[in-house]
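Structure record follows, encoded as structure tokens.
The values are calculated or read from the model by the stated rules, or taken from the named source; none is laboratory data. Keep in mind that this is a model prediction, so the values were computed, not measured. Virtual Cβ from ideal backbone geometry, glycine too; neighbours counted across all protein chains shown. These area figures cover heavy atoms from the full protein model, side chains too; ligands, DNA and RNA do not enter into them. Shrake-Rupley method; radii C 1.70, N 1.55, O 1.52, S 1.80 Å.
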Amino acid sequence: MTKTFRHRALTALALAASILPIAAQAQDKPAPISESEVRAHIAKLASDEFEGRGPGSAGETKTLDYLAKTWASYGLVSGTNDAAHPWFQPVPLVERKPYAQAVSASMRGKPLKLAEDGVALSGRNPTDRATGEPLFVGFGVGADGKLNADVKGRIVLMLSAEPKFEGAAKLPGLRDRQKLLAQAGAAAVLITAPDGAPWAGLRAQLANGSMRLASDDVSAPIGGVLRSDVSEPLLRAGKVSAADAAKADFAPVTLPVTLDLATSTSVRAFDSHNVIGKIPGSKPGSGAVLLLGHWDHFGICRSEEAEDRICNGAVDNASGMAVLLTVAERLARGAPMERDVYFMGTTAEERGLLGAYYFADHPVVSLKDIVVALNVDTVAIAPAGAPVALVGRGENGLDEIVDRIATDLGRKVDSDKEANAFIRRQDGWALGAKGVKSIMAGGSFSDMALLQAFLTTVYHQPDDELTDKVPLGGAADDANLHVELTRHFADESKYKPATTGD
């Protein structure tokens with residue numbers, strides 16, 4: 001789809017959305033959101049018609065069309081606050097898709113056999129090559145968060161796990177560490193496969209391409225992931241292990257193996273979009289509440305030979321967008337709220353929270369005016385009645401409010417902090433890094449066994465489809481929870497930012 005055609009199509013969608021009828025007359029207490037309402041939206045967004053909602057695809061246009069028109073039909077208005085771009089905030093991206101690689105290794109002048117299907121590479125340019133002995137840098141940073149080696153011109157091998165040093169403050173995440181190494185001149189940055197990640201799915205995901213914000217397009221000439229049966233022999237050759245990297249006195253080790261890496265990669269620059277709607281508040285200037293979830297998934301994610309080529313993303317995250325749609329409908333026809341309430345579907349979350357990061361750098365409303373950001377992601381995991389857990393518990397002083405509202409709705413509260421393991425893996429992280437109080441509340445993160453069962457089976461696979469087995473009771477519960485959370489935070493008398501007290 002050409003850029004001109006896309007612009008015209010999105011403009012037409014915005015105009016169409018702006019003239020749709022306003023929904024039913026306001027009601028003080030609309031009926032609770034039902035499973036069937038949530039299911040109807042998931043069924044649409046996760047259908048093959050939407051082609052897996054890949055950014056920059058025909059599926060994106062259909063998704064944005066559906067979200068904007070549906071919100072407008074409920075009475076929402078464009079939330080971009082930009083007459084030149086109603087409803088849709090352009091997000092400039094750069095996509096890279098690898099289509100060929102070559103890997104060879106030698107040790108002391110003799111060929112060393114590596115399982116090439118255990119290596120997944122991508123280049124920054126159409127063609128790239130790197131040769132040399134890899135430098136194992138552990139986590140890439142020391143306890144001070146700074147690079148632990150001179151990596152200029154080197155092939156670097158780094159652990160993908162989060163860095164852990166006793167007594168150290170929060171350290172850079174994987175993406176930031178990769179970026180630090182690239183900025184320092186690394187010729188290639190190879191990481192170990194994340195623990196527990198199915199290799200077939202991970203490799204297919206990598207083959208589907210990577211994306212970066214055009215404004216933050218920093219990467220080494222070659223990037224890659226190594227399966228454990230490839231990375232571990234390399235480490236053994238250097239008489240070093242992953243456990244050594246967690247020691248305070250760890251020093252990077254050159255591995256006595258020569259690698260020769262070559263890649264061929266397609267590179268494409270394009271605009272994707274965040275879609276933003278708004279319910280204007282009755283007291284302008286009193287602040288704003290932001291509800292967000294990512295609309296994107298991996299699109300057509302398998303080769304033509306595959307029986308099922310589409311990663312539909314029913315749970316991740318058509319379910320979250322279904323919640324945002326149903327919550328918007330209830331709030332729009334309920335009693336007026338004092339603060340503005342924004343609803344945003346972000347792009348390219350699956351590629352590194354890119355839409356959320358772009359919004360954080362280019363907010364449509366001042367970030368200091370956003371009193372809370374409520375992220376909704378992967379909610380169709382738990383059954384009805386599941387306890388409410390928080391991703392972000394203990395981080396921003398909102399726990400007591402969420403717990404009280406959940407209890408008032410008859411739900412139990414999961415007060416432990418297990419769910420915080422996912423705090424960097426969701427869109428609220430991008431806003432929290434800018435000082436916005438961000439939380440993700442719901443039942444999906446209260447049962448780690450259920451969540452792990454999803455993450456280790458259909459997660460990011462074509463099998464993430466809407467079936468009768470997908471539990472929607474918890475999703476409906478979470479939708480009703482967010483109606484009440486939003487009403488609380490949108491009421492200036494009930495909630496005041498921390499500077500003035502709650």
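Within the range 363-397, the set of residues being over 24 Å from L325 (Cβ atoms) and either in a loop (DSSP other than H, G, I, E, B) or at pLDDT below 95 (or both) comprises S366, P387, R393, G394, E395, N396, G397. The one condition from (1) without any contact (Cβ under 8 Å) to a residue 12 or more places away in the chain; (2) more than 15 Å from the chain's Cα centre (by Cα); (3) under 25 Å from G474 (Cα atoms) that S366 does not meet is (3). Is there a residue in the range 402-421 that is open to solvent by 40 Å² or more (accessible area, probe 1.4 Å) and under 17 Å from the mean Cα position of the chain (by Cα)? Checked against the condition, which is being open to solvent by 40 Å² or more (accessible area, probe 1.4 Å) and under 17 Å from the mean Cα position of the chain (by Cα), the range 402-421 yields at least one hit. The C-beta contact set for the range 207-231 (first residue over 23 Å from R302 (Cβ atoms), second residue among the hydroxyl-bearing types (S, T, Y), distance under 6 angstrom, 6+ apart or interchain) comprises L213/Y358; I222/T263; S231/T192.
Looking at the structure I just gave you, is A149 open to solvent by less than 50 Å² (accessible area, probe 1.4 Å), hydrophobic (A, V, I, L, M, F, W, C), farther than 27 Å from S264 by Cα and without any contact (Cβ under 8 Å) to a residue 40 or more places away in the chain?
no
Can we say A83 is free of Cβ contacts under 8 Å to residues at least 12 places away in the same chain and of a type outside the set (V, I, T)? In short, yes.
Taken together, A373, A356, A406 contain a single residue that is under 21 Å from A490 (Cα atoms) and touching a Ser or Thr at 6+ places or on another chain (Cβ under 6 Å), which is A373. Residues considered: A197, A204. Of these, the only one that is closer than 30 Å to D308 by Cβ, among the aliphatic types (A, V, I, L, M) and in a loop (DSSP other than H, G, I, E, B) is A197.
Residues in the range 442-471 that are under 28 Å from P497 (Cβ atoms) and open to solvent by 10 Å² or more (accessible area, probe 1.4 Å) were compared, and the one that is farthest from the chain's Cα centre (by Cα) is S446. Against the condition touching a residue at least 60 places away in the same chain (Cβ under 8 Å) and open to solvent by 50 Å² or more (accessible area, probe 1.4 Å), how does Q183 come out, does it pass? It is false that Q183 is touching a residue at least 60 places away in the same chain (Cβ under 8 Å) and open to solvent by 50 Å² or more (accessible area, probe 1.4 Å). Inspection of the range 215-227 finds no residue satisfying the criterion of being open to solvent by 30 Å² or more (accessible area, probe 1.4 Å), closer than 30 Å to A186 by Cα, among the hydroxyl-bearing types (S, T, Y) and assigned to a strand (DSSP E or B).
Of all the listed residues (R330, R302, R351), the sole one being open to solvent by 10 Å² or more (accessible area, probe 1.4 Å), part of a helix (DSSP H, G or I) and either within 23 Å of G442 (Cβ to Cβ) or modelled with pLDDT under 95 (or both) is R330. Somewhere in the range 95-118, is a residue crowded, with 19+ Cβ neighbours inside 10 Å, hydrophobic (A, V, I, L, M, F, W, C), outside any loop (DSSP other than H, G, I, E, B) and under 22 Å from the mean Cα position of the chain (by Cα)? Checking the range 95-118: not a single residue is crowded, with 19+ Cβ neighbours inside 10 Å, hydrophobic (A, V, I, L, M, F, W, C), outside any loop (DSSP other than H, G, I, E, B) and under 22 Å from the mean Cα position of the chain (by Cα). Each residue in the range 278-298 was checked for being under 11 Å from the mean Cα position of the chain (by Cα) and part of a loop (DSSP other than H, G, I, E, B), and 3 pass.
Of everything in the range 161-178, what is surrounded by fewer than 18 Cβ atoms within 10 Å (Cβ to Cβ) and either within 22 Å of the chain's Cα centre (by Cα) or under 24 Å from V103 (Cα atoms) (or both)? Give them in sequence order.
A161, E162, K170, G173, R175, D176 - these are the residues of the range 161-178 that are surrounded by fewer than 18 Cβ atoms within 10 Å (Cβ to Cβ) and either within 22 Å of the chain's Cα centre (by Cα) or under 24 Å from V103 (Cα atoms) (or both).
The set of residues in the range 66-81 being over 27 Å from S366 (Cβ atoms) and either open to solvent by 40 Å² or more (accessible area, probe 1.4 Å) or within 20 Å of the chain's Cα centre (by Cα) (or both) consists of Y66, K69. Total residues in the range 468-497 satisfying the condition of being in contact (Cβ under 8 Å) with a residue 40 or more places away in the chain and either under 30 Å from G196 (Cα atoms) or outside any loop (DSSP other than H, G, I, E, B) (or both): the figure is 20. For G285, the conditions (1) open to solvent by less than 30 Å² (accessible area, probe 1.4 Å); (2) out of contact with any Asp or Glu (no Cβ under 8 Å at 6 or more places or on another chain); (3) closer than 30 Å to E338 by Cβ all hold with the exception of (1).
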